[in-house]
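I have placed the structure first, in the form of structure tokens, so that the comments after it can refer back to it.
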There are 10 protein chains.
Amino acid sequence: MEFLVRSENRLPPDTPEQRRAELRAAERARAMQLREQGVLKRLWRVPGRNATVGLYEADDPARLHEALMSLPMAPWLDVTVEALATHPQEA
Amino acid sequence: MEFLVRSENRLPPDTPEQRRAELRAAERARAMQLREQGVLKRLWRVPGRNATVGLYEADDPARLHEALMSLPMAPWLDVTVEALATHPQEA
Amino acid sequence: MEFLVRSENRLPPDTPEQRRAELRAAERARAMQLREQGVLKRLWRVPGRNATVGLYEADDPARLHEALMSLPMAPWLDVTVEALATHPQEA
Amino acid sequence: MEFLVRSENRLPPDTPEQRRAELRAAERARAMQLREQGVLKRLWRVPGRNATVGLYEADDPARLHEALMSLPMAPWLDVTVEALATHPQEA
Amino acid sequence: MEFLVRSENRLPPDTPEQRRAELRAAERARAMQLREQGVLKRLWRVPGRNATVGLYEADDPARLHEALMSLPMAPWLDVTVEALATHPQEA
Amino acid sequence: MEFLVRSENRLPPDTPEQRRAELRAAERARAMQLREQGVLKRLWRVPGRNATVGLYEADDPARLHEALMSLPMAPWLDVTVEALATHPQEA
Amino acid sequence: MEFLVRSENRLPPDTPEQRRAELRAAERARAMQLREQGVLKRLWRVPGRNATVGLYEADDPARLHEALMSLPMAPWLDVTVEALATHPQEA
Amino acid sequence: MEFLVRSENRLPPDTPEQRRAELRAAERARAMQLREQGVLKRLWRVPGRNATVGLYEADDPARLHEALMSLPMAPWLDVTVEALATHPQEA
Amino acid sequence: MEFLVRSENRLPPDTPEQRRAELRAAERARAMQLREQGVLKRLWRVPGRNATVGLYEADDPARLHEALMSLPMAPWLDVTVEALATHPQEA
Amino acid sequence: MEFLVRSENRLPPDTPEQRRAELRAAERARAMQLREQGVLKRLWRVPGRNATVGLYEADDPARLHEALMSLPMAPWLDVTVEALATHPQEA
């Protein structure tokens, strides 16, 4: 099933640049793994914000939760999840 | 997977009593079927309102949508659904 | 560019069934045209609601507006649009 | 009587890992006691968040308050409680 | 246990005056019964609105729901209920 | 005149326990004085939160403000006040 | 004591012009009486809306309620009242 | 001074097409006059909605109010106005 | 033109008392100057909060902005401004 | 295409004055470059706040995002973007 995931990054602005860079690199690497596993299907930036909208696929909300919590930025992310239903037009 | 379903009934107050009674009886009958199928697991009233909170189980959001739309009151219900993840304490 | 489009259908519950069926058929036909034109890329149901979330692509917001207003249900739709930015992970 | 309890955990992300682990273990132990006492009946995770939804049973709101405040994480929890009424379908 | 009950009266402004007067008289009579039974303990007007705040006492939310639904104005009332816990200062 | 006063206590969770205890004791002592003066008439806990709902009586909002600001916890309280009108049923 | 009163006029747009004119004239006449009595001290329009912000003075919220309900437009007004405290700078 | 004006058109969807067309034509004509007078400086559509965002200039809020109320659609418009201050970068 | 100005003071509760006293004294002195200049016309306290509602007069929003930013507390104030239109009743 | 950009500056009030001055100067310099490039078309202050409303033009949301993130204040800005559609009146 598919989920729309909105994620606001609350990493404090005074985080040292090196720490930010490490977290960003680790975040990107983990996101790429989730893409390869078919969990992360699309990702967009919310213009003007340190925030994203993503389309995820997972067997159930618990698996989605594990995937989202596996992101290195997870402790600073404010995430909201919306479970979407397949539309009959797409069947 | 389980869903928390909040449902506000917007049936207009000036609906004729006979029509209301028919709808309520049909609603109850369909709800009972959903209970027997294991789709509707618990149902509570929101005190003071013509509204309910329900705990539903369905294979995915599309099946849940079908179940909710099969309720005779569905055209008047304002429904919000929250997909819940199993907590490891309950595993 | 891509847009996330949330659409709540406010068609009154007491609309005659034949009128509803005509509108639904026309809506589906127009949606299929928008898919063929590459404007409507994905469509989901919001479970429990007469509402959808869609992923659209259009050259600019004015073209998107025209596409959305060309839907037969448009007069009853409460639509919110969010312009999304391509994420560098997807470049 | 039953209560729906939504709990957002605001423990700061920079809490040392050992402190987090101690709190989590103590939280789990206390939650297990509340389950055994029949106070905590069900617990779910809100996917993507450090948050839970729980179904509690207590004689009255004061007893529920004591139970919730007995949780080791209580000082960091942002809790909202909704008192639910038994539905006649379940009588 | 005690409940704080906020009630907005949505009776349409074009309701005939005689109907309004009947409903008001019946509402007052029923409210007086609830006072005598100890269910309705205090009632205030929200200044400027056709709305009230009330302090109710009932054994549980289901009994409170029955009391509120027994009011003749109930079909037009938009009610929100908050369950309050006894404060130890008042023990 | 009577006021409904909702108060959220934002004292930081990492406040030393001794400081908390001192503040709580002082708060309780001042609240008791306000009760004796007839300013604080009822006090409830909001279950699950470090928050209260209180019923106050004061000659006017300025006197109420002074009473609330005299509480030792005042610098950490997020307070909202609602002025209530006497209901003719209670006259 | 003084109150800030925000008032949205919900008179339906399809109200016959003569009825509107009568209501407006009656509203103005009653407002003028309230000014003479010192109850209505200032009145502003919210630009772009059929809405006003007013500064009222009354002995207590019950008197204010009576004044507001005496306005001929009252059945269509959505009113919110905020009780203000005298600032010591103005003492 | 300049104002940002957001306007949602609540004309009912079942308004006869001829009436809609007349209103739209009159609205456009009046908007053109306001442009010529320098009152309406820019106008955008909110994509997907029967709504606009406009940049207006007027001597004060009362003049702006008159301009907005002179629009033939005014009875159906839900308008919010934000007064903007000149930025020193533009001085 | 007149503006309604709501101001929440976010000065941290742990600000040293001497610093608070200095800021309060400077704030009062500057407010008195604004009164003498006819910019600040009325000021109220929001009961229970470290917040005010004020009625200001200024030639335009830019002048109002300068006046508000000249307050010594400005860096800690969360201010919202509403431009009001003269009501024809007061002409 | 044009975007309406609302930006709240959350730079902490206790930021040293020299740091603030450097950031403001750099912000102004970068804003001037964006003006010269035709990206920033208009800028207003929200009166009473450390906030702006801007009218931007960019080829798509990704370019707008880059422009906004190039501002030296970006880490402290809370930005919301609204994509606007050209209105046929302006064609």
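Which numbered condition trips up D:A21, out of (1) over 13 Å from the mean Cα position of the chain (by Cα); (2) over 28 Å from A:N9 (Cβ atoms); (3) surrounded by fewer than 21 Cβ atoms within 10 Å (Cβ to Cβ)?
The number of the failed condition is (2).
State all residues of region J:2-11 that are more than 13 Å from chain I (Cβ to nearest Cβ) and hydrophobic (A, V, I, L, M, F, W, C); if no residue qualifies, say none. If you could, list the steps in order and put the result at the bottom.
At the first step, the residues of region J:2-11 found to be more than 13 Å from chain I (Cβ to nearest Cβ) are J:2-7.
If the condition is that a residue be more than 13 Å from chain I (Cβ to nearest Cβ) and hydrophobic (A, V, I, L, M, F, W, C), then J:F3, J:L4, J:V5 are the ones that fit.
Of the residues that sit in region C:46-79 and are in contact (Cβ under 8 Å) with a residue 60 or more places away in the chain and at the interface with another protein chain (Cβ under 7 Å from one of its Cβ atoms), which one is nearest to C:Q33 (Cα to Cα)? Outline the logic, then answer.
Filtering region C:46-79 down to residues in contact (Cβ under 8 Å) with a residue 60 or more places away in the chain leaves C:64, C:68, C:73, C:76-79.
Keeping just the survivors that are at the interface with another protein chain (Cβ under 7 Å from one of its Cβ atoms) gives C:64, C:68, C:76, C:79.
Values: C:L64: 14, C:L68: 12, C:W76: 20, C:V79: 19 Å.
So, considering only residues that are in contact (Cβ under 8 Å) with a residue 60 or more places away in the chain and at the interface with another protein chain (Cβ under 7 Å from one of its Cβ atoms), the one nearest to C:Q33 (Cα to Cα) is C:L68.
Provide a single number: the residues in region J:63-79 that are closer than 21 Å to H:T86 by Cα and open to solvent by less than 40 Å² (accessible area, probe 1.4 Å).
Our first condition is that a residue be closer than 21 Å to H:T86 by Cα; within region J:63-79, this holds for J:68, J:71, J:73, J:77-79.
Checking the rest, the ones that are also open to solvent by less than 40 Å² (accessible area, probe 1.4 Å) come to J:68, J:71, J:73, J:77, J:79.
Residues meeting the conditions: 5.
Restricting to region G:6-16, name every residue that is surrounded by fewer than 12 Cβ atoms within 10 Å (Cβ to Cβ) and at pLDDT 95 or above.
Restricting attention to region G:6-16, the residues satisfying the condition of being surrounded by fewer than 12 Cβ atoms within 10 Å (Cβ to Cβ) are G:12, G:14, G:16.
Matches in region G:6-16: G:P12, G:P16.
Which residues, counting only those in region F:24-47, are open to solvent by 60 Å² or more (accessible area, probe 1.4 Å) and part of a loop (DSSP other than H, G, I, E, B)?
Once the filter is applied, which keeps residues that are open to solvent by 60 Å² or more (accessible area, probe 1.4 Å) and part of a loop (DSSP other than H, G, I, E, B), region F:24-47 yields only F:Q37.
For region G:48-62, state whether one or more residues are among the charged types (D, E, K, R), part of a helix (DSSP H, G or I), at pLDDT 95 or above and loosely packed, with under 14 Cβ neighbours inside 10 Å. Lay out the reasoning, then the answer.
Taking region G:48-62 as the starting set, the residues that turn out to be among the charged types (D, E, K, R) are G:49, G:57, G:59-60.
In the following step, the residues that additionally are part of a helix (DSSP H, G or I) were identified as none.
Checked against the condition, which is being among the charged types (D, E, K, R), part of a helix (DSSP H, G or I), at pLDDT 95 or above and loosely packed, with under 14 Cβ neighbours inside 10 Å, region G:48-62 yields no hits at all.
Being basic (K, R) and touching a Pro at 6+ places or on another chain (Cβ under 8 Å) is the filter; apply it to region A:29-86 and report the residue that is farthest from C:P47 (Cα to Cα).
Here the answer is A:R30.
Among the numbered conditions (1) within 22 Å of B:L4 (Cβ to Cβ); (2) without any contact (Cβ under 8 Å) to a residue 24 or more places away in the chain; (3) not basic (K, R), tell me where D:Q33 comes up short.
Of the numbered conditions (1) within 22 Å of B:L4 (Cβ to Cβ); (2) without any contact (Cβ under 8 Å) to a residue 24 or more places away in the chain; (3) not basic (K, R), the odd one out for D:Q33 is (1).
Taking region C:80-91, which residues are more than 12 Å from chain H (Cβ to nearest Cβ) and open to solvent by less than 50 Å² (accessible area, probe 1.4 Å)? Write out each step before concluding.
First pass over region C:80-91, keeping only residues more than 12 Å from chain H (Cβ to nearest Cβ): C:84-91.
Of everything in region C:80-91, those that are more than 12 Å from chain H (Cβ to nearest Cβ) and open to solvent by less than 50 Å² (accessible area, probe 1.4 Å) turn out to be C:L84, C:A85, C:H87, C:Q89.
Quick one: how many residues across region B:63-91 are in a loop (DSSP other than H, G, I, E, B) and farther than 21 Å from B:L23 by Cα?
First, pick out the residues of region B:63-91 that are in a loop (DSSP other than H, G, I, E, B): B:70-73, B:84, B:87, B:91.
Okay, now just the ones that are also farther than 21 Å from B:L23 by Cα, so B:84, B:87, B:91.
Looking only at that region, the number is 3.
Just to be sure I understand, how many residues within region G:1-23 are polar (S, T, N, Q) and part of a helix (DSSP H, G or I)? Reasoning before the result, please.
Let us first name the residues in region G:1-23 that are polar (S, T, N, Q), namely G:7, G:9, G:15, G:18.
Filter once more, so that each one left must be part of a helix (DSSP H, G or I): G:18.
Adding up the residues that qualify gives 1.
Restricting the search to region H:12-45, which residues are touching a strand residue (DSSP E or B) at 6+ places or on another chain (Cβ under 8 Å), within 27 Å of C:L77 (Cα to Cα) and away from chain C (no Cβ under 11 Å)?
H:A31, H:R42, H:L43
The values are calculated or read from the model by the stated rules, or taken from the named source; none is laboratory data. In this text the structure is predicted, and so the values were computed from the model without any measurement. Please note: Cβ atoms are built from the backbone with ideal geometry, for glycine as well, and neighbour counts cover all protein chains shown. When the accessible area is computed, the model is the full protein with side chains, heavy atoms only, and any ligands, DNA or RNA have been set aside. Shrake-Rupley method; radii C 1.70, N 1.55, O 1.52, S 1.80 Å.
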